[in-house]
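The block underneath contains the structure these notes are about, expressed in structure tokens.
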2 protein chains.
Amino acid sequence: MIQLFATPLSGNAHKVRMALAFLDLSWDERPTDAAARQSDAFAALTPMRQIPVYVEGDLTLRDSQAILTYLAARHRPGDWGGRTPEERGEIALWLSHAANEIANGPAALRLARQFGATIAQDQAQAVAARFLPVIEAHLAQHRWLVGDRLTIADLAASPYLALAGEADIDLARWPAIGEWTDRIAALPGFPAMPGWPAQTAN
Amino acid sequence: MIQLFATPLSGNAHKVRMALAFLDLSWDERPTDAAARQSDAFAALTPMRQIPVYVEGDLTLRDSQAILTYLAARHRPGDWGGRTPEERGEIALWLSHAANEIANGPAALRLARQFGATIAQDQAQAVAARFLPVIEAHLAQHRWLVGDRLTIADLAASPYLALAGEADIDLARWPAIGEWTDRIAALPGFPAMPGWPAQTAN
């Protein structure tokens, strides 16, 4: 049985939740709030003390990008993780953006505004201001981040952009980003989360 | 012909340089200083205006983790990028750490100290303080980050840790990290860079 240590409002956890739902896998969600993350039991799962953590038999894996990469290789080999070396490279690019610019821009700003986290505000604003035009321009030309279909690049990059309104980022300025997160939310089996409802396909 | 837009002192560029050297590929290095990164020609290669950028025929790829992933898939399939789904996931974990904690901890501190960059010092110190014990503990138990051999996880994570002395991080506190970067620097064909000399295998 798959266990996912997560919280309902975590965009990082939602990346994994989307993958599991689209793969039609069942999982046991283990709610893991800030207090639980300080426990020795949780530290034994991950020295970073961050969610999500994915446990399946002998495998314990932290980091949402890493979990997506594992799930793609295991359940959608040669597709979700890239069909060619070029696609693999391009998907890795968006996983890097998810781990760095999105985490330290829109996601950090949301953490501060919604959850009161202390962050370097100016730096987070600067990261978001530099990155958002780049992904907006890409999505103005492409329906999906890589290739002509959903890949783990879309799963890794989308939650904190769909939730950017909660970070006081005006999504009306970034229409291609909004159309893309709506496109993902219209996929069959999309699991809604607070702030990111399912959409009707059009 | 492969072109690599880079600077001699960039640890991110050195990740790619190591991969190309270990693969015994030849490349044309295109020195790209801060002024050159402001040119329209460079912006046409990468909207992020960051090095390294890798160009090979029709492929233009930015981001050191992405370039490593491409090179692994193209030249060492099923090995450098992971032999199993579990290994692929674990390698992706260290690529995330390279894109986030290493970039925003040791690499940012080096940028500030060596090159006068303005960074959020307290945050960079905190990121480094949280991450270094995690990778030190892992390397105290493992000769390589994933599996029993060199993978792109090692190439992505090592340069800014080998250069951590230039960020005023005392490497004597992290002996397993130092032994691992020496191990990489002792591999046949290792390309030295300023601050990271080749080692004799022992």
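List of remarks:
- Residue of A:126, A:98, A:19 that the Gaussian network model of chain A assigns the largest fluctuation, springs spanning Cα pairs under 10 Å: A:126
- Estimated [θ] at 222 nm from DSSP helical runs (n ≥ 4, -39500 (n - 2.57)) normalised by residues in chain B, nearest 500: -14000 deg cm²/dmol
- Potential extension, residue A:75-residue A:148 segment - 0.36 nm per residue separation minus Cα distance: 24.4 nm
- Distances, shortest first, from the label point of residue A:43 to those at the same position in the other copies read 4.9 nm; the point lies 7 Å along Cα to C-beta.
- Less than 5 angstrom separates the built amide H of residue B:32 from those of B:6, B:7, all sequence-distant by 5 or more or on a different chain.
- Mean separation of Cα contacts under 8 Å, 6 or more apart, over the residue count of the stretch B:149-200: relative contact order %: 29
- Relative exposure of B:10, B:64, A:158, judged by other C-beta atoms within 10 Å (fewest first): B:10, A:158, B:64
- Theoretical FRET efficiency, 1/(1+(r/R0)^6), r = Cβ-Cβ of residue A:26 and residue A:113, R0 41 Å, to 0.05: 0.75
- Using a 7 Å Cα-to-Cβ projection, residue A:59 label spacings across copies, nm, ascending: 2.5
- Residue-by-residue Karplus 3J(HN,Hα) for the stretch B:29-46, coefficients 6.51, -1.76, 1.60, Hz, glycine and proline x: 8, 10, x, 9, 7, 4, 5, 5, 6, 8, 6, 5, 4, 6, 4, 5, 7, 8
- Placing unit charges on each Cβ (+1 for Lys and Arg, -1 for Asp and Glu) gives the stretch B:18-132 a dipole about its Cα centre, and among B:81, B:59, B:94 the Cα reaching farthest toward its positive end belongs to B:94.
- For A:33, A:40, the sequence from fewest to most other C-beta atoms within 10 Å is A:40, A:33.
- Note on the stretch A:85-185: Kirkwood radius taken over Cα pairs, Stokes-Einstein applied at 10 °C and 1.306 mPa s, translational D equal to 117 µm² s⁻¹.
- The convex hull built on the alpha-carbon positions of the stretch A:66-116 has an orientation-averaged projected area of 4.0 nm².
- Taken as Cα centroids, the stretch B:1-79 and the stretch A:172-202 sit 34 Å apart, rounded to the nearest whole angstrom.
- Comparing B:114, B:65, B:125 in a Gaussian network model of chain B (Cα springs below 10 Å), the most mobile by mean-square fluctuation is B:114.
- Nm distances between copies for residue A:8, ranked from closest, using label points 7 Å along Cα→Cβ: 5.8
- For the stretch B:2-75, convex hull volume per residue from C-alpha positions, Å³: 82
- With N the number of residues in the stretch A:156-199, Rg(Cα) / (2.2 N^0.38 Å) evaluates to 1.07.
- Its Cα centre serving as origin, the stretch A:2-75 has a Cβ charge dipole (Lys and Arg +1, Asp and Glu -1) of approximately 200 debye.
- The protein assembly as shown - Rg and Dmax from Cα coordinates, angstrom: 20.1, 63
- Residue-count net charge about residue B:89 - beta-carbon cut-off 15 Å; Lys, Arg +1, Asp, Glu -1: +1
- Point-charge dipole on Cβ atoms (K/R +1, D/E -1) for chain A, about Cα centre, debye to 20: 80
Values in this text are rule-based calculations from the coordinates and carry no lab data. Keep in mind the model is a prediction, meaning the values are calculated, not measured. Heads up, the Cβs are rebuilt from the backbone with ideal geometry, glycines too, and the neighbour counts pull from every protein chain shown.
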